[in-house]
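The values are calculated or read from the model by the stated rules, or taken from the named source; none is laboratory data. In this text, all values refer to a predicted model and were calculated from it rather than measured experimentally. Note that we place each Cβ from the backbone using ideal geometry, even for glycine, and neighbour counts take in every protein chain shown.
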Amino acid sequence: MATMIPVDDLTEAVAAKDSQLAVLKVRLQEADQLLSSRTEALEALQSEKSRIMQDHNEGSSLQNQALQTLQERLHEADATLKREQESYKQMQSEFAARLNKMEVERQNLAEAVTLAERKYSDEKKRVDELQQQVKLCKSNLESSKQELIDYKQKATRILQSKEKLINSLKEGSGFEGLDSSTANSMELEELRHEKEMQREEIQKLMCQIHQLRSELQDMETQQVSEAESAREQLQDLQDQIAGQKTSKQELETELERLKQEFHYIEEDLYRTKNTLQSRIKDREEEIQKLRNQLTNKTLSNSSQSELESRLHQLTETLIQKQTMLESLSTEKNSLVFQLERLEQQMSSASTCPVSMSGIENGEGTRLRNVPVLFNDAETNLAGMYGKVRKAASSIDQFSIRLGIFLRRYPIARVFVIIYMVSNSCRSC
């Protein structure tokens with residue numbers, strides 16, 4: 001019994017243990033509250049993170065769809081513009097070919113008209129020449145007729161005079177001599193021969209006159225037919241020229257209309273392209289803003305992950321502290337049991353020497369003069385004092401580290417404030 005600890009000291013030790021346990025329980029409750037608040041904040045942050053990630057994914061998908069739609073529309077507009085440009089180039093080439101063809105046809109028609117006019121002028125000159133020839137033939141015919149008439153009259157007069165001479169010679173005194181009758185017969189024969197020759201010449205002239213009349217009639221008929229055909233050809237050429245001019249004017253009007261239509265289409269496509277480019281630029285700016293927001297959220301998520309790791313460490317530390325407190329409560333129960341057993345022993349050992357109580361009083365005085373939580377000698381009295389001190393020191397270090405963490409990372413304080421505001425709003 002000399003080495004037994006006094007009951008008062010054990011009672012004080014148990015009271016110190018109780019006070020330490022109360023302090024640890026209070027700190028444990030505070031740590032539990034802090035852990036629950038941190039857990040709720042973490043859950044809120046995780047839900048906010050999931051919501052933000054979902055919104056980001058939805059926004060990214062919508063932005064990608066919108067961007068893809070705009071790109072498809074831009075590609076379609078570019079393809080439409082290219083098709084319109086190709087069609088316009090094709091139309092230009094076709095119209096250029098048609099204009100060249102029309103120009104060639106116009107030149108050919110102009111050459112044909114010029115050739116027809118030249119032919120008409122040549123035919124007109126030929127007709128004039130033929131008319132002059134006809135007039136000349138008519139005049140020659142008239143002169144030949146007049147000469148024939150004169151010659152007939154002259155021949156008739158000569159024949160009449162010759163006949164009169166012959167008759168007078170016949171009615172005369174007869175044959176005055178052989179020479180005179182021979183001369184007269186020879187002269188008569190000569191006159192007959194000349195008469196025959198004049199008749200033949202008159203017949204030839206009559207044949208020539210008839211031939212000239214037939215030729216003149218044929219020439220007049222040919223001239224009339226050629227003039228009529230020339231007039232018809234000239235009228236056809238004039239009609240063709242008028243038709244070509246009309247078609248040329250129509251083609252020029254159609255070309256001008258198509259040029260204006262292409263100009264309008266080109267302006268419309270230019271405006272559509274500018275609108276799509278501006279919309280794409282706005283979408284790209286919006287996407288860049290979303291990317292910046294995602295970058296900021298990623299940074300906040302990194303700080304949030306660090307906070308989660310720290311909270312996880314704190315949770316593990318609190319679990320360890322709870323385990324230590326449970327062991328301390330177990331040790332307390334064992335100490336209470338020892339105290340009861342010592343009280344029973346004291347009732348039986350009331351006759352112990354005074355010297356021993358003095359020694360024990362000195363030891364109790366020494367124990368009472370030592371601080372309860374931070375005295376290393378208590379670890380020699382009971383094995384749990386060092387553990388309790390270590391637990392209290394760990395809780396203090398946790399509080400200090402938590403304060404340093406909140407001071408070091410303002411974003412954590414912002415999240416805590418947001419969480420508190422959201423909790424207050426939910427409670428309202």
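Listed here are the residues, each with its yes/no results for (1) of a type in the set (A, V, I, L, M); (2) in a helix (DSSP H, G or I); (3) under 53 Å from the mean Cα position of the chain (by Cα); (4) surrounded by 14 or more Cβ atoms within 10 Å (Cβ to Cβ).
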| site | (1), (2), (3), (4) |
| --- | --- |
| LEU21 | yes, yes, no, yes |
| LEU24 | yes, yes, no, yes |
| ALA31 | yes, yes, no, yes |
| ALA41 | yes, yes, yes, yes |
| LYS49 | no, yes, yes, yes |
| GLU58 | no, yes, yes, no |
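I need a count of the residues in the range 60-79 that are among the β-branched types (Val, Ile, Thr) and surrounded by 15 or more Cβ atoms within 10 Å (Cβ to Cβ). Break it down stepwise before answering.
Here is the first cut: in the range 60-79, the residues among the β-branched types (Val, Ile, Thr) are 69.
Those left that are additionally surrounded by 15 or more Cβ atoms within 10 Å (Cβ to Cβ): none.
Residues in the range 60-79 being among the β-branched types (Val, Ile, Thr) and surrounded by 15 or more Cβ atoms within 10 Å (Cβ to Cβ): 0 in total.
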Is it the case that some residue within the range 251-266 is surrounded by 12 or more Cβ atoms within 10 Å (Cβ to Cβ), assigned to a helix (DSSP H, G or I), of a type in the set (Ser, Thr, Tyr) and at pLDDT 80 or above? no
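Kindly establish whether LEU234 is hydrophobic (A, V, I, L, M, F, W, C) and modelled with pLDDT under 75.
When the stated conditions are applied, LEU234 does not pass them.
Of all residues in the range 9-23, count the ones that are of a type in the set (A, V, I, L, M), closer than 25 Å to GLU316 by Cα and in contact with a Lys or Arg (Cβ under 8 Å, 6 or more places away or on another chain).
So the first thing to find is which residues in the range 9-23 are of a type in the set (A, V, I, L, M), and the list is 10, 13-16, 21-23.
Adding the requirement that they be closer than 25 Å to GLU316 by Cα leaves 21-23.
Next, only the ones that are in contact with a Lys or Arg (Cβ under 8 Å, 6 or more places away or on another chain) stay: 21.
Going through the range 9-23 one residue at a time, the tally reaches 1.
From the list LEU290, LEU237, which one is touching a residue at least 24 places away in the same chain (Cβ under 8 Å) and over 30 Å from LEU99 (Cα atoms)? Explain how you work it out, then say what you get.
Numbers: LEU237 fails: over 30 Å from LEU99 (Cα atoms).
Matching residue, one of LEU290, LEU237: LEU290.
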